[in-house]
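Asker: Next up is a structure, given as structure tokens.
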Amino acid sequence: MMSVTVSAPGKLFLLGEHAVVYGGQCIVTAVNARLRVTLTQHSETDQAPRLMIDAPDVDLEEWAVPLQRVVDRGGFSGPSAFIESCVSVFYRYHPFVSGLHVETNSDFGATLGLGSSSAIVAAMLYGLGELFDMQLTRDELFEMGIEAIQQVQKTGSGADLAAAVYGGTVYYANQQPRQITPLEVESLPLVAVYSGEKAGTVNYVRQVRTLHEQLPDIINPVIDTMLAVVEAGRTAVESRDWEQLGRLMNIQHGLLHALGVDTVALATLVLIARSVGAWGAKLSGAGGGDCAIVLVSDEQRAQVVEALRDMGGEVLEIEMNAPGVRIEV
Ligand code: PMV
């Protein structure tokens, strides 16, 4: 095969963010905003094989580097980091000699916090597997993806990667061995709203870790309660008990607030959504900005959406429970 296009979904955290970092569990759902990658093999006769990238979302145009330099390196940074890291991990399993052109485009920019880095990792590795005719299982893809992410950033539970690789709504346990369980649910009555601020996940994970180290007797019980909320949330999702799930989302938001990752914009959106009839609302992800999610019935949806917009929220036209990484035709 000379060229292949694959896509992977973004994600939102239903429950368990931050707690999952400490060997805990969470529930994530894939969203139908997707990132697409086209991979093309290049045979260059006049020079050594190169890795070439065109990724306008991260301001990379006609970017190129000798392939050998990528595969010889261990750590990566900058806008090309995740792509380079995937190439180096894949190369360890399957060395190749051709040049490679990578072109990306996405339904969401890097700004919304929908997980563009995990989507790029899932899409890159799946695409490379297809291009070089390796039948990678989802479990293998996931393990390679974790390696690729760890070469770029030391933190990361892998939950967002699980959503990108497996799709749907997954219960994810960050233990050895990792447990990834798809939850049986056809759709989730959620609205996603962008708070207008971009959050730096790594900084917030660090901030919570520091708080945890400073006040372990106080923060450990918060994390334990989050984990209890995830377990109850799993049952609520599986039995489609939306009132209960809403209640649990509200509790998780309160616990995230206690960890210091809430913002004025997120809190405002969450409180307004609840006040006009949502079952529940919370921030999604590390906090400090990005998106909130609102669980709401079909009957109340229009009035919730209007209230969120009145408060300056950008309501995203996305569906949850989307398929995982796949070939695009
Ligand atoms: O900010 P996001 O959407 O990338 O989510 C981060 C979730 C954390 O649990 C805080 C970190 C992680 O690696 O799971």
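Asker: Could you work out how far helix 216-238 tilts from the main Cα principal axis of the chain, as a 0 to 90 degree angle to the nearest 10?
Answerer: Helix 216-238 and the main axis of the chain meet at about 90 degrees.
Asker: If the elastic network links every pair of Cα atoms under 10 Å, which of 158, 167, 196 fluctuates the most in the Gaussian network model of the chain?
Answerer: Greatest mean-square fluctuation among the candidates belongs to 196.
Asker: Now for a different question. Could you please state, rounded to a whole Å, how far the C-alpha centre of the stretch 218-267 is from the C-alpha centre of the stretch 1-78?
Answerer: Here the answer is 31 Å between Cα centres.
Asker: Give me the angle, in degrees from 0 to 90, between the Cα long axis of helix 242-258 and the longest principal axis of the Cα atoms of the chain, rounded to the nearest 10.
Answerer: Between helix and principal axis, roughly 80 degrees.
Asker: Continuing with this model, one more query. How charged is the neighbourhood of residue 237? Take every other residue with its Cβ under 14 Å from the Cβ of residue 237, and add Lys/Arg as +1 and Asp/Glu as -1. Write down the numbers at each step before the final one.
Answerer: Working: positive: 234, 240, 247; negative: 184, 186, 231, 238, 241, 243.
Residues near residue 237 contribute -3 overall.
Asker: Still on this structure, I have one more. If you take the charge dipole of the stretch 12-86 about its Cα centre, with +1 on Lys and Arg Cβ and -1 on Asp and Glu Cβ, which of 53, 82, 22 is farthest toward its positive end?
Answerer: Positive-most Cα among the choices belongs to 22.
Asker: What list do you get for 138, 92 if you sort them by fewest beta carbons within 10 Å?
Answerer: Values: 138 16, 92 10.
If I rank by nearby Cβ atoms, fewest first, I get 92, 138.
Asker: I would also like to ask the following. Give me 197, 299 ranked fewest to most by other Cβ atoms within 10 Å of their Cβ, as a rough exposure proxy. Could the numbers behind the result be given before it?
Answerer: Values: 197 14, 299 8.
Exposure proxy ranking, most exposed first: 299, 197.
Asker: Then there's this: Return the sequence-ordered ³J(HN,Hα) values of the stretch 57-74 in whole Hz as given by the Karplus equation 6.51 cos²θ - 1.76 cosθ + 1.60 applied to θ = phi - 60°, using x for Gly and Pro.
Answerer: Calculated HN-Hα couplings, in order: 4, 10, 6, 10, 10, 6, 7, 8, 8, x, 4, 4, 5, 5, 6, 7, 8, x Hz.
Asker: Over all alpha-carbon pairs in the chain, figure out the percentage whose distance exceeds 34 Å.
Answerer: Numbers: 12750 of 53956 pairs.
For the chain, the share of Cα pairs beyond 34 Å comes to 24 percent.
Asker: Something else now. Quick one: net charge around residue 274, please, counting Lys, Arg +1 and Asp, Glu -1 for every other residue with C-beta under 12 Å from its C-beta. Display every interim value, and only then the final one.
Answerer: Working: positive: 247, 282; negative: none.
Overall, the nearby charge balance is +2.
Asker: So what is the relative contact order for the stretch 53-134, in percent, with contacts set as C-alpha pairs under 8 Å and at least six apart?
Answerer: Dividing the mean separation by the residue count of the stretch 53-134 yields 34 percent.
Asker: Would you mind telling me which residue in 177, 216, 66 has the biggest mean-square fluctuation in a Gaussian network model of the chain, where springs connect alpha carbons within a distance under 10 angstrom?
Answerer: Among 177, 216, 66, the largest GNM mean-square fluctuation belongs to 177.
Asker: Under 1.5 on a/c is rounded, so check that first for the stretch 151-265, then, if it is not, pick prolate when a/b is larger than b/c and oblate when it is not; a ≥ b ≥ c are the square roots of the alpha carbon gyration tensor eigenvalues.
Answerer: Working: a/c = 1.42, a/b = 1.28, b/c = 1.11.
It is rounded, given that a/c, with a ≥ b ≥ c, falls under 1.5.
Asker: Now a separate question. Just to be sure I understand: with springs between alpha-carbon atoms less than 10 Å apart, which residue in 205, 264, 89 has the highest mean-square fluctuation in the Gaussian network model of the chain?
Answerer: Of the options given, 264 has the highest mean-square fluctuation.
Asker: If each residue's Cβ is checked for other Cβ atoms within 10 Å, how do 97, 229 rank with the fewest at the top? Don't jump to the answer; show the numbers that get you there.
Answerer: On the way: 97 9, 229 25.
By the 10 Å Cβ count, ascending, the order reads 97, 229.
Asker: Using a/c under 1.5 as the rounded threshold, could you call the stretch 70-208 rounded, prolate or oblate? The axes a ≥ b ≥ c are square roots of the C-alpha gyration tensor eigenvalues, and prolate needs a/b larger than b/c, oblate otherwise.
Answerer: Taking the square roots of the gyration eigenvalues as a ≥ b ≥ c, the stretch 70-208 is prolate.
Asker: Determine ³J(HN,Hα), in whole Hz, for all residues of the stretch 306-323 in sequence, where each value follows from phi through the Karplus function 6.51 cos²θ - 1.76 cosθ + 1.60 and θ = phi - 60°; x replaces Gly and Pro.
Answerer: After applying 6.51 cos²θ - 1.76 cosθ + 1.60, I find 4, 5, 5, 5, 4, 8, x, x, 9, 6, 8, 7, 10, 9, 8, 6, 7, x Hz.
A short reminder: the numbers here are calculations on the coordinates, not readings from a lab. Quick caveat, the model's predicted, so the values are computed rather than measured. Don't worry about glycine lacking a Cβ; one is built from the backbone with ideal geometry, like all the others, and counts go over all protein chains shown.
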